[in-house]
Structures are given as structure tokens and as C-alpha cells.
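Report on one structure; see the data block that follows.
Any read-out appearing in this document is the output of simple, stated calculations on the displayed coordinates, not a laboratory observation. Everything numeric in this text was worked out from a predicted model, so none of it was measured. Cβ: placed from backbone, ideal geometry, glycine included. Neighbour counts: every protein chain shown.
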Amino acid sequence: MLSLLAMLWGLPALAASARCRNGGEWVAHACTMDAQCVPYKPRQTDRVACIGSECCTVPCSNNGSYIGRACFESIDCLPYTTEKVACLHGLCCTVSFSSG
């Protein structure tokens, strides 16, 4: 019985994450354009998009963090952070390098 309750408790989080086909975080429902999602951004620096009537955050393709700036090339991102960054699909994203 306890395991059933634990499973049911986790369903809302699972359902919310399954709503975003882009792998982003679900933030709102029933949108028709990106601008409607902006008031629901979890963090000021998040980028959001309306995807299939769902508002979702737009993650960096490298699983880095979006630093809140658009770019054409990586050098455009440098003035805004001391972290290592790259321009990925027009977004400034943090990067980590692993030796291996």
C-alpha cells in the first residue's frame, strides 16, 4: 500500500515533465504563442516556448545552463559571465570540459 501511495505521489511530476517534447521543464498550459509563456518563467534568465499548447523552458542542447543572452557566436557571450560558455543555436550556454 505504501509503495502505491509513493507511486501516485510521483505521477504529477512525471506527467509535467512528459508534457515538454523538447526536454524542457513544463511551466504552464494552453498557450498559442511563446509570449504567453513569459510570465510563467521559473527564473528570470530562462527562455520559454509554446510547444503543442504547453509552455516549456528551452534547455541548452549540451545540458548546460542558459545565461539569459542571445548570441551569434561564442564570443558574444563572454561579457556576461566568468564561466566557460558557448553559443548553441543562438543561446549563450555554460559548458563544462571533462578530461578523458
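Tell me, what is the FRET efficiency for residue 95 and residue 32 to the nearest 0.05, using R0 = 25 angstrom and their Cβ-Cβ distance as r?
Taking R0 as 25 Å, the efficiency between residue 95 and residue 32 is 0.15.
How much length would be gained if the chain were fully extended between residue 75 and residue 62, taking 0.36 nm per residue of separation minus their Cα-Cα distance, in nm to one decimal?
Difference between extended and current length: 2.9 nm.
Go through the stretch 67-77 residue by residue and turn each phi into a ³J(HN,Hα) via Karplus (6.51, -1.76, 1.60, θ = phi - 60°); whole Hz please, and just put x for glycine and proline.
For the stretch 67-77, the Karplus-derived couplings read 9, x, 10, 8, 7, 10, 8, 4, 4, 5, 8 Hz, x marking Gly and Pro.
Subtracting the Cα-Cα distance from 0.36 nm times the residue separation, let me have the gained length for residue 44 to residue 22 in nm, one decimal.
Full extension from residue 44 to residue 22 adds 6.0 nm.
Residue by residue through the stretch 57-62, what is 3J(HN,Hα) from phi via Karplus (6.51 cos²θ - 1.76 cosθ + 1.60, θ = phi - 60°)? Round to whole Hz and write x for glycine and proline.
Rounded to whole hertz, the list is 6, 9, x, 6, 5, 9.
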